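Inspection log for the structure reproduced underneath, given as structure tokens.
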Amino acid sequence: MFWNIFTFELKYRLKRPATYLYGLLLFLYAFLILIYGNGPASEKANVNSPYAISYLLILMSVFATMMSSAVMGVPVYRDIEHNTRSYFFSYPISERGYLLGRYLGSFLILIAIMSCACVGIVLGSLLGPVLNLADNVERYGPIRLWDYVQPMLVFVIPTVFFTGSLFFSLVALTRNVFVTYAGSLLLFIGYLLGITLASDLENKDIVDLLDPFALNTFTNATKYWTPAEQNELHAGLEGNVLLNRLLWGGIGLVTLLYTVFRFDFQRFLAIKLGKKSKTDGVTEKAKPLATLPVAEKIYSTKAYLTHLFRLTKLEFGNIIKDVYFLVILMGGVLFLFLDGWFADQIMGTRSLPTTYYMIEVKDFDYILFVFILIIFYTGESVHRDKAVHFDNIADALPVPNWVTYGSKFLALVGICFLLVNLVIVSGVLNQTVKGYFQYDFNQYFTDLYLIEFPEYLQLLMLAFFVHIMVNSKFTGHIITIGIWVVLIALRNFAELDYNLFFYSYTPGYRISDMNGFGHFLKPLLWFNLYWLAFGFALLIVGNLFWNRGSEGDLKTRWRLAKLRFTRLPMMALVVCLLIFVGSGIWIYYNVSVLNKYQTADETRELQAEYEKKYSRYERVAHPKITDLKVKIDLVPEERRVTANGIFTIVNKTARPLDSLHLLFSSPEYNHPKTKTLLIDGKDPKILLKDTVFRYYIYQLPRTLQPGDTARMEITITAQPKGFTNSGLNRELVYNGTFFDTGIFPTFGYNPNGELTSDKYRKKFGLPIKQYQQPPYTDAWGRSNFLFTQDGDWITFEGTVSTAPDQIAIMPGYLQKEWSANGRKYYQYKMDAPIAYFMNVSSARYAVKRDVWKGPDGKTVNIEVYHHPAHGLNIDRYVNSVKASMDYYNQYFSPYQFRQMRIMEFPRYAGFAQSFPNTVPYAESFGWVGDFRDPDKTDYAYYVTAHEVAHQWWGHQVMPSNTRGANQISESMAEYASLMVLKKTYGDNIMQSRLKYSLDRYLRGRSSEDKFEETLLDNDTRAYVWYDKGSVVLFALQDYIGEERLNRAFRDYVEKDAFQQKAPFTTSRDWYSYIKAATPDSLHYFLTDNFEKITLYENRITEAKAEPLKNDQYKVTMTVQTKKLYYDKAGKETGVGKAKDLIEIGIFAADAKNKKGMTEKVPLYLKKQWLAPGVHKLEFVVKGKPAKAGIDPYNKLIDRVSDDNVKPVD
Amino acid sequence: MKLTIQDLNKTYSNGVKALHDVTLTIPQGMFGLLGPNGAGKSSLMRTIATLQEADSGQILLEDTPMGTIDVIRQKDSIRRVLGYLPQEFGVYPKVSAETMLDHIASLKGISNSRERKLIVDALLEKVNLSHVKKKNLGTFSGGMKQRFGIAQALIGNPSLIIVDEPTAGLDPAERNRFHNLLSEIGENTVVILSTHIVEDVTNLCSDMAIISLGNVIAQGHPADLVAAIQGKIWRKIIEKPELDNYKANHQVISTQLKGGRTQIHIYSDSPQLGFDPVEADLEDVYFSKITSHQELRVMS
């Protein structure tokens, strides 16, 4: 009997077109991703690596929730829907046979559907290299059966078993198919919640368990895999993956079993008794019809407007009274609130709930709900009368089309308005609950009413139009969603982004407290006008085709539309189209005429051409700047600048120079124009003029002999024109201008403009570029500074003028400030040599001043220039500067300036940068951090210490432009700031800071596109210079002693600071000091970490404590240690065999330090020599042990850092 | 006031010819439109109710206070005087009967809310729904829904009322009540009642037409139509197996089971052997017209 039902179910399913449609969808999705080569992030991992296959399949199982609900929800519901249950169960079948037969038949089909994704991947892998659509033939690995079977067994099948059983049971028990829709939505919500929580490292285990699809579990288990490992390994059924699968598979099984035992036909058959009004057959005596009052009937525009209003109200009520609408809306608002609540985190520290952030969260998850609500409820509304068959009455009422049509539209406009306002409600609520009362309603209203609301309207207009034209709810949904899928796919896969062609798309923007909506608002309003005009045109056409009456066939509707196309709609349509075309032309003029628009591929092609044409000049000899005097006239009100620079240039080469190569900056946003270019007062003759790449070669008026000096004067004006298709265009802004020497031309070819990706270099016929910088032995590299080859040490002074209410800042000391011609002038002069590295900043600043006093009486003036509303964290910057000054002056060398200035700039970029005595600091980077919880990383303090450290490492010791030299600047700044942190907060809190470095390093190497270099030879990888550098240097000072290491660095500074002549210092010089300070026994540590790529796998497997007398405990623990070596590609090459010095620790329960931070309380903490392998260790400690571990602070680079410590039993 | 229909034609996009040169004059009073399922009654009703386009032909409502209204061109004008009860209709389930009627009344042009309330209350009482007027329409039974439908059709004092198969699905008592209500509708109103139940027409209508397969096959006063066939209808009780035999030799217009045996009516100008004369009624008119028309169709 079971067998009959099972095979019937299979046959039934195999005859349904939906089965094939689902399979085809998954197949196509996988196939397209594969042939377009959209695989994992790293170019070195295969598009069809086991990692990529697993990830893709798991992702499919998330999206297949909808399919799962459709396939597994109906086998039982079918008998309700077609009312076959009334007789079907009278057949001699058993409940279990019926249920299990239906279940297994459908489940088998569901697995078959999921397998279509595998087929898609296989076929994509086979055809991908043949079609070569993505220029990466070599990224298709071999096809191995296990790569597909393994993730199906471990991830996909348990997941669909869970979702399938859930949906099946819900219908079987509730007899309501809508429950499954709500169920799948809830699952989605749960999943999104997981992603939101996962942003914090601390919640990793919870998220791993709670994700029903195990997507987070999988990414967490594999996040440190190098590309080589991604190509070989499978995420096995172990650890959190095993727990997760057991949990969700178990829930699925329990649900299914419960249903099988609970289900019985009688309950299933029982008719649902709803509340019915009782009919009474009593005939009452009513007044005769003729006595009915006769009312006056009014048909006027005013009356119609009243109808419009009433109908709108009715329809609005119809929508918001829908239970599912409310459920989805609540889901959306929940996310809106949670996304705002968790806020943006930097190193685990949340920012304050600023208004701009409360607004931005609308695009995280909420937009998805908005999308669903608008599309689905537009369909509901448009088809409502037809769906409930009220149209037969409504359509014959004396109401003009535009009233009915308009009321539906307006009701949905009301829904859009509601959706927009919920963002404000959620934002204000968030801010209030968090005790942040700086509500910026101006930002709320401008963004939500002028930018977001029109976008929701556009979404609505398209959906409305489609639903009316196709006149079928289901097809309407499919087509509307289809249009968006195509738009999004074109932008993401085909790299097309010309907004004028993408319905409802506008240029990106960012709100800043400093600069408000700045220059972004204008283009946004133009684009919104453009799309709204288009949307209204659609609405007018839709009104013509509005389906009134019983005939929905195309011919009749076309005929009616022609009849309805009278003067008024014609005029309205013409007006809309005129606005559409007019604003379109204006936008085109701005984007493509005033500015230049390039596709991503065109940009790459130009980059390649630039390299092919001019890379031969890479090492052409040029003079060096020794003195710069600037005169900068800023007009922030007009975003305009005139920059005049007088450069003293010297021939420092051994040969005469007769020409000068100048590369002018890109016209992309600011349209710089060269007003004057004089060398020694003369117009130099142009030998080569390339306006495309802005490469010019001039003949020097007089040949510069070695040692000769010339004077070069350049005046550049720059001002953005109109607006662009995209881009933040952040340098010249109304409030918060920040630009650097990039405004002036540079000498010769700049290799930073080259394509770096292997994939694209191959495509354009360029040789693979392995390094950006020459090796440390290279004489050319050593003759240049790391940051600029245009000058060595220079002297600098200048004047800058700006708006009367702004303060303008450049490196140096303020000599004079005055007002003239309604402008404010500032004159700065530097009295110590600096690198050719200066910035100009200008904004309406408030200033906080303080003074650092050194032990020898030396003082440094500290000035913090900030947005007046961002005063909360100023003391953190000041205190950090002071602590840094204390430490660096003591341990490295005296500070070369008398002043340290920090200034805020708008959040169009998210960094801080150290210029001589000047550090511009992004608005989002600390000024609005919420540091009230002392356990959260105070990155304002930490980053400031880093930037101040650059005044030594980068402004005193200037590395050469060679491979590895970046570590002297960045790793050392990291080291220095860690030491400041340690000195301020103590050794025992350092792990909470360093875990982020370790995590970023391991992630960085796992998404490596080329190869990972060692600390000594890394050129451009930030995860090496910041993160590996942090961990390794911190461990080193711990191993050999802070004083000892600092002494080595002090010696290094003494020797190599302010090198006047090339060759400039390299990573080998730096390393030699480190080596000299390290005892022989620990040289293995240097080799492992500086010269090789080494990762540990330390782990504690057992820890027990036995109480002895006098509060003493005997602790026994079993630890494992293993050291692995990797090649640059990330392949394991061997294991360490010798003994390593590794720390063993036993801890009491965590305590709070004086500053309120949680810190470890070691009862025992000592390093000991351990051979690779398992060790049983025994210690006696005083005090009750709570935790024990090997390398408990993660001082060593450990692949799995969270198994080093274990609670003591 | 009268409604005249001239040469109305309609062919659906799937090729079905729903109306074929329909020409009718419908005077004031109750007009019955009789026809079997699928005869084109609803198509005609929908076309008059402005819900459907005609391929050709004309429908005019003449001698109204506003002059002559062209139904096909002046949809909005006709809608202002129309009361329409469709054969099938639905309601918003979450709205109460009172609210919905009030809403429809306002759409029908009654803008004074006090007047509207008076009318709605009176109509609800009239259709015996006042005790449930606050209840949501979704909770109504079939009969209650139908009564609601009548109430909405009567709102606004319409001068053209179209009721399409109003009694289908009503129990005898409800049907009776409905007939009483219809009979109360004022004299100076054109009321078109479409039905396939002959009794409805017999009880209510002063004029009628029979349509079949899109054609008007008879038209006139019911009494005149009955008179025309008086003496031409004959009856016989036969055994069931003989039926085919009789069909071959006579124009059998109806068969009916009587106490387990089959009684047939035939149409014949002259007496037939073994047949008894019958007093003809409207049902005989209906069946004789339908059978002869359909036989003609089959032959042609």
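Within segment A:71-101, being modelled with pLDDT under 80 and of a type in the set (F, W, Y) holds for A:Y77, A:Y87, A:F88, A:F89, A:Y91. Please go through segment A:1085-1102 and pick out each residue that is at pLDDT 95 or above and open to solvent by 50 Å² or more (accessible area, probe 1.4 Å). Matches in segment A:1085-1102: A:E1091, A:K1092.
Return the only residue of A:T626, A:T709, A:T717, A:T674 being surrounded by fewer than 20 Cβ atoms within 10 Å (Cβ to Cβ), more than 30 Å from A:G736 (Cα to Cα) and of a type in the set (V, I, T). Going through A:T626, A:T709, A:T717, A:T674 in turn, the sole match is A:T709. If you scan segment B:178-209, which residues turn out to be open to solvent by less than 10 Å² (accessible area, probe 1.4 Å) and within 10 Å of the chain's Cα centre (by Cα)? Within segment B:178-209, B:V191, B:I192, B:L193, B:S194, B:T195, B:D200, B:V201, B:M208, B:A209 qualify. Just one of the listed residues (B:P93, B:P65) is facing another protein chain (nearest Cβ under 10 Å) and open to solvent by 10 Å² or more (accessible area, probe 1.4 Å), namely B:P93. One residue stands out in segment A:170-180 among those that are in a helix (DSSP H, G or I) and out of contact with any Gly (no Cβ under 9 Å at 6 or more places or on another chain): the one that is nearest to A:P75 (Cα to Cα), namely A:A172.
Being surrounded by 15 or more Cβ atoms within 10 Å (Cβ to Cβ) and closer than 28 Å to A:A172 by Cα holds for only one residue in A:L256, A:L246, and it is A:L256. When segment B:159-177 is limited to residues that are in contact with a strand residue (DSSP E or B) (Cβ under 9 Å, 6 or more places away or on another chain) and more than 10 Å from chain A (Cβ to nearest Cβ), the one that is surrounded by the most Cβ atoms within 10 Å (Cβ to Cβ) turns out to be B:V163. If you filter segment B:124-140 down to residues that are within 7 Å of chain A (Cβ to nearest Cβ) and crowded, with 21+ Cβ neighbours inside 10 Å, you find that the one that is farthest from B:G156 (Cα to Cα) is B:F140.
All conditions in (1) of a type outside the set (G, A, S); (2) out of contact with any Pro (no Cβ under 9 Å at 6 or more places or on another chain); (3) within 9 Å of chain A (Cβ to nearest Cβ) hold for B:E98, with the sole exception of (3). Looking at this structure, is A:R604 open to solvent by 80 Å² or more (accessible area, probe 1.4 Å) and over 16 Å from A:K721 (Cα atoms)? The answer is no for A:R604. Please work out if B:V216 is at pLDDT 85 or above and out of contact with any strand residue (DSSP E or B) (no Cβ under 7 Å at 6 or more places or on another chain). No. The set of residues from segment B:101-115 being more than 25 Å from the chain's Cα centre (by Cα) and more than 7 Å from chain A (Cβ to nearest Cβ) comprises B:D102, B:S113, B:R114.
It is to be established whether one or more residues within segment B:43-51 are closer than 27 Å to B:L225 by Cα, of a type in the set (D, E, K, R), within 8 Å of another protein chain (Cβ to nearest Cβ) and not in a loop (DSSP other than H, G, I, E, B). So far as segment B:43-51 goes, yes, one or more of its residues are closer than 27 Å to B:L225 by Cα, of a type in the set (D, E, K, R), within 8 Å of another protein chain (Cβ to nearest Cβ) and not in a loop (DSSP other than H, G, I, E, B).
Against the list (1) outside any helix (DSSP H, G or I); (2) open to solvent by less than 10 Å² (accessible area, probe 1.4 Å), the condition A:I1074 fails is (1). Taking first residues from segment B:198-215 that are within 15 Å of B:P166 (Cβ to Cβ) and partners that are of a type in the set (S, T, N, Q) and in a strand (DSSP E or B), the Cβ contacts under 7 Å between residues at least 6 apart in sequence or on separate chains come to B:V201/B:T195. The condition of being within 30 Å of B:P158 (Cβ to Cβ), touching a helix residue (DSSP H, G or I) at 6+ places or on another chain (Cβ under 7 Å) and either more than 12 Å from chain B (Cβ to nearest Cβ) or open to solvent by less than 10 Å² (accessible area, probe 1.4 Å) (or both) holds for only one of A:F325, A:F316, A:F335, that being A:F316.
Annotation note: of B:D76, B:D121, the sole residue that is part of a helix (DSSP H, G or I), surrounded by fewer than 18 Cβ atoms within 10 Å (Cβ to Cβ) and within 9 Å of chain A (Cβ to nearest Cβ) is B:D76. The listed residues are A:I716, A:I697, and the only one of them that is under 42 Å from the mean Cα position of the chain (by Cα) and closer than 30 Å to A:Y825 by Cβ turns out to be A:I716. The test for being of a type outside the set (D, E), within 14 Å of chain B (Cβ to nearest Cβ) and surrounded by 19 or more Cβ atoms within 10 Å (Cβ to Cβ) does not hold for A:I359.
Can you tell me which of A:D850, A:D805, A:D831 is assigned by TED's automatic domain parsing to the domain that holds A:I625, at pLDDT below 95 and either open to solvent by 20 Å² or more (accessible area, probe 1.4 Å) or not small (G, A, S) (or both)? Result: A:D831 is the single residue among A:D850, A:D805, A:D831 that is assigned by TED's automatic domain parsing to the domain that holds A:I625, at pLDDT below 95 and either open to solvent by 20 Å² or more (accessible area, probe 1.4 Å) or not small (G, A, S) (or both). The helices (runs of 4 or more DSSP H) found entirely in segment A:919-1037 that carry 2 or more residues being under 21 Å from A:F892 (Cα atoms) and touching a His at 6+ places or on another chain (Cβ under 9 Å) are A:966-985.
Within segment A:533-550, being touching a Gly at 6+ places or on another chain (Cβ under 9 Å) and part of a loop (DSSP other than H, G, I, E, B) holds for no residue. One residue stands out in segment B:141-153 among those that are at the interface with chain A (Cβ under 7 Å from one of its Cβ atoms) and not in a loop (DSSP other than H, G, I, E, B): the one that is nearest to B:I26 (Cα to Cα), namely B:Q152. Taken together, the residues in segment B:235-285 that are touching a His at 6+ places or on another chain (Cβ under 7 Å) and not acidic (D, E) amount to 7.
In segment A:407-420, the residue that is nearest to the chain's Cα centre (by Cα) out of those that are of a type outside the set (F, W, Y) and surrounded by fewer than 21 Cβ atoms within 10 Å (Cβ to Cβ) is A:L418.
One residue stands out among those in segment A:387-399 that are open to solvent by 20 Å² or more (accessible area, probe 1.4 Å) and in contact (Cβ under 8 Å) with a residue 60 or more places away in the chain: the one that is farthest from the other protein chains (Cβ to nearest Cβ), which is A:A387. Among residues of segment A:892-919 being over 30 Å from A:L1045 (Cα atoms) and at pLDDT 95 or above, the one that is surrounded by the fewest Cβ atoms within 10 Å (Cβ to Cβ) is A:M903. Pairs meeting the criteria (first residue in segment A:952-968 and open to solvent by 10 Å² or more (accessible area, probe 1.4 Å), second residue in a helix (DSSP H, G or I), beta carbons under 7 Å, at least 6 apart or on different chains) are A:N961/A:G781; A:N966/A:W1025.
The values are calculated or read from the model by the stated rules, or taken from the named source; none is laboratory data. If you're wondering where the values come from, they're calculated on a predicted model, not measured in any experiment. Virtual Cβ from ideal backbone geometry, glycine too; neighbours counted across all protein chains shown. Each accessible area value is taken on the protein alone, full model and side chains, heavy atoms only, with ligands, DNA and RNA left out. Shrake-Rupley method; radii C 1.70, N 1.55, O 1.52, S 1.80 Å.
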